[in-house]
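Before any comments, here is the structure.
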Amino acid sequence: MSQQYLISCNKLIQNGKYQEAITGFEFILKIDPTSVSAFNGIAYSHAKLKNWQQSLTAILNAMGHGNNKENDLALFIQILEESQLQSYVSLVEKGLFEANKYNKLENKATSLLKIQFKAKYQPLLENLDSEFSIEHNVFTDKSLFLMMEKNFIADYQIENLILSARTEILRLAFSGKSIALYIPFLAAFASQVLLNDGLYHTEKENIIKLNQLDNNLENILLRICHSNIREIMNIWHENKELIHNEKTKSLISDLTFYEQVANIKNSNIEHVKDNTSKIVQSFYMQNPYPKWKTLKIEPNTLSIEGLFKQLDRDLSKTINILFAGCGTGHQVIECAINHPHIKIVAIDLSPNSLAYAIAMAEKYKVTNIQFFVLDILNVSSLSQSFDYIISTGVLHHMESPTKGLQSLEGVLKPDGIMHLAFYSKFAREELKQIKADVLEYLQVSESDITPSDIKEWRAQLKDKEKLRTWFNVDDFFYLNGLYDLLFHPQQIEYSLLEIQTLLESANLSFKWLPVTEQYQALFELDLKALPTKNNKGTLSYWHEFELNNPDYFMHMYDFFVTK
């Protein structure tokens, strides 16, 4: 009987009758007080009505009575995201620990765990200089370990916390005191260092101290926490038996992954001929980009069918996709997960980046991507044409983006769609000054700058500087990202009027520039003030919009074109 009631209540939800659905689900709970489906239905309906307290109570009840299956946890995370809960709730924390066990949920779960963590330890984080103590229970907190293991610590308060702990643990170890209690912390910190490319600076006197420590597990982990990836891999190979421990499972998994990436051989390697392409290839072989470990999978992030429908394209045929410049695979793997029945070709200049992408595709059990090391200039050698081409953040690294775009246009089907993204010269103006400040502080030329130099410069940033917008983008929290942001050997920045000329040179037409939900309110406000408000289907309109909002395209111009 309750199953029939559930069907009826879900139909009410489909028709937007959320209050009626809640009443129905509550009746089901009188029959079956442990019905996870009913609790989930109540949680979902209250969320639609923005009754966040009732929604959270219901979803926590569902988790308390259920087996915490992936779909239930996905709903739990969805409600947490929509409610924007900023206070600490222990039951929420426990649910996020469960969600971290699933590859497709761990990114979102860790991001929400960060909110819980900051609410839980707010006084400590805000008064770290006066209240720091290595004996504080924060350093045995599982949530801190998960954050360090899963994602970048893209937060200066938490970064200061873990760096203060690293310094104190080294002091204790050097003075002969046991640091065995902090093995889980050090193992998680080591995972963070692997992910951020050894971003954190180490003073020379600390290097001397590290070299004088005995060779036990905790001291080896402490050395890893002060090293770069190459040094870490050497330490691991020299001390594998010592490092393998019940408390270091996650770190061992990461070390194994990086070894796997290093050992992947791509048989489809092209010998790049263009001189600029060779320079860019070399850069990304040394600095695979972007670095990532978990995927924030949104069901409709790249809804190919929805896009084709919006642009009046035929949905009955098989769609053929090309990712031109896929890097380490973050975007293409997300697309493949959301569209498992679509065959995808992904190309990139860097075999190292592709090795990373291939290993990540294996992690997420993605099998519908074919990877090639290939220059965009030679994309015609694939002997294929494509319905949809994605090349975001790539063409502006070519000597001639015009030639690159013409090459892609040559393999785009007559009714095909292309997704492009380019750097904005207006939005990135501040980066030029930041780059100049780096070189002035270090007293070196750009050609002589080293990873150690960049780490030293970053370590001396003042709190005032850390408040600036550019200093809080993800690229500031890992070394490869900083290199790509500030010291890429080849990049061209554009205005939207110059983009228009570029498109015309490749016989392409601008169609659509999506507005993210985050900026929808700003967009609507400025739309009223613009004289061309009814003409947003042109790049000249968006050029005018950018002049009024110079930071709007801080990431990139991101838009769609057709032939």
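Would you kindly identify the helices (runs of 4 or more DSSP H) lying entirely within the stretch 455-506 that contain at least 2 residues that are in contact with a Leu (Cβ under 6 Å, 6 or more places away or on another chain) and under 27 Å from L408 (Cα atoms)? Reasoning before the result, please.
Numbers: elements: 463-466, 479-486, 496-505.
Correct list: 496-505.
Regarding Y88, is this residue closer than 22 Å to K247 by Cα, in a loop (DSSP other than H, G, I, E, B), touching a helix residue (DSSP H, G or I) at 6+ places or on another chain (Cβ under 6 Å) and outside the structural domain of L251 (by TED's automatic domain parsing)?
For Y88, the condition - closer than 22 Å to K247 by Cα, in a loop (DSSP other than H, G, I, E, B), touching a helix residue (DSSP H, G or I) at 6+ places or on another chain (Cβ under 6 Å) and outside the structural domain of L251 (by TED's automatic domain parsing) - is not met.
Being charged (D, E, K, R) and under 33 Å from the mean Cα position of the chain (by Cα) is true for just one of D32, D72. Which residue is that?
Going through D32, D72 in turn, just one is charged (D, E, K, R) and under 33 Å from the mean Cα position of the chain (by Cα): D72.
Could you tell me which numbered condition A436 fails, if it satisfies all but one of (1) in contact (Cβ under 8 Å) with a residue 60 or more places away in the chain; (2) small (G, A, S); (3) within 24 Å of G393 (Cβ to Cβ)?
(1)
Would the stretch 6-20 turn up any residue that is β-branched (V, I, T) and more than 17 Å from N71 (Cα to Cα)?
Yes, the stretch 6-20 contains at least one residue that is β-branched (V, I, T) and more than 17 Å from N71 (Cα to Cα).
Are any residues in the stretch 73-93 exposed (fewer than 15 other Cβ atoms within 10 Å of the Cβ) and closer than 16 Å to F117 by Cα, and if so, which ones?
E81, Q84, Q86, S87, S90, L91
Please state which of the following conditions Y284 fails to meet, knowing it meets all the rest: (1) assigned to a loop (DSSP other than H, G, I, E, B); (2) farther than 24 Å from N100 by Cα; (3) not acidic (D, E).
(1)
Identify all residues within the stretch 17-28 that are in contact (Cβ under 8 Å) with a residue 24 or more places away in the chain and either in a loop (DSSP other than H, G, I, E, B) or buried (at least 18 other Cβ atoms within 10 Å of the Cβ) (or both); write none if there are none.
Those that are in contact (Cβ under 8 Å) with a residue 24 or more places away in the chain and either in a loop (DSSP other than H, G, I, E, B) or buried (at least 18 other Cβ atoms within 10 Å of the Cβ) (or both): Y18, A21, I22, I28.
Find the residue count for the stretch 110-127, including only residues that are closer than 22 Å to N71 by Cα and either in a loop (DSSP other than H, G, I, E, B) or touching a His at 6+ places or on another chain (Cβ under 7 Å) (or both).
Final tally of qualifying residues: 0.
If the requirement is being over 19 Å from K278 (Cα atoms), surrounded by fewer than 22 Cβ atoms within 10 Å (Cβ to Cβ) and touching a residue at least 24 places away in the same chain (Cβ under 8 Å), which of these qualifies: L420, L442, L377, L431?
L431
Kindly indicate the residue of the stretch 342-358 that is touching a residue at least 40 places away in the same chain (Cβ under 8 Å) and part of a loop (DSSP other than H, G, I, E, B) and also surrounded by the most Cβ atoms within 10 Å (Cβ to Cβ) among those meeting that condition.
L349
Given the conditions (1) hydrophobic (A, V, I, L, M, F, W, C); (2) under 28 Å from L497 (Cβ atoms); (3) not in a loop (DSSP other than H, G, I, E, B), which single one is not true for L439?
Status for L439: all satisfied but (2).
Need the failing condition index for I169 against (1) surrounded by fewer than 21 Cβ atoms within 10 Å (Cβ to Cβ); (2) within 20 Å of N211 (Cβ to Cβ), just the number.
Failing condition for I169: (1).
Would you pick out the residues in the stretch 416-467 that are within 23 Å of D197 (Cβ to Cβ) and in contact with a His (Cβ under 6 Å, 6 or more places away or on another chain)?
Correct list: Y423, K455, E456, A459.
Just checking, how many residues over the stretch 138-175 are under 29 Å from the mean Cα position of the chain (by Cα), farther than 18 Å from T202 by Cα and not aliphatic (A, V, I, L, M)?
Residues in the stretch 138-175 being under 29 Å from the mean Cα position of the chain (by Cα), farther than 18 Å from T202 by Cα and not aliphatic (A, V, I, L, M): 12 in total.
Among the candidates N107, N103, N68, N61, which residue alone is assigned to a helix (DSSP H, G or I) and either touching a residue at least 24 places away in the same chain (Cβ under 8 Å) or assigned by TED's automatic domain parsing to the domain that holds I158 (or both)?
N107
Can you list residue pairs whose Cβ atoms sit under 7 Å apart, with the first residue in the stretch 29-46 being closer than 16 Å to F76 by Cβ and the second being outside any loop (DSSP other than H, G, I, E, B) and of a type in the set (F, W, Y)? Count only pairs 6 or more apart in sequence or on different chains.
Close Cβ pairs satisfying both conditions: A38/F25; G41/F25; I42/F25; S45/Y18.
Specify which of the listed residues (P514, P531) is modelled with pLDDT under 95 and more than 24 Å from the chain's Cα centre (by Cα).
Testing whether each residue is modelled with pLDDT under 95 and more than 24 Å from the chain's Cα centre (by Cα) leaves just P531.
Do we find that G329 is at pLDDT 95 or above and either in contact with a helix residue (DSSP H, G or I) (Cβ under 9 Å, 6 or more places away or on another chain) or on the phi < 0 side of the Ramachandran plot (or both) in this structure?
Yes; evaluated as a whole, the condition is true for this residue.
For the stretch 29-39, enumerate the residues that are assigned to a helix (DSSP H, G or I) and surrounded by fewer than 23 Cβ atoms within 10 Å (Cβ to Cβ).
Matches in the stretch 29-39: L29, K30, I31, V36, S37.
The values are calculated or read from the model by the stated rules, or taken from the named source; none is laboratory data. Here the structure is a predicted model, which is why all the values come from computation and not from measurement. Cβ atoms come from the backbone with ideal geometry, glycine included; neighbour counts cover every protein chain shown.
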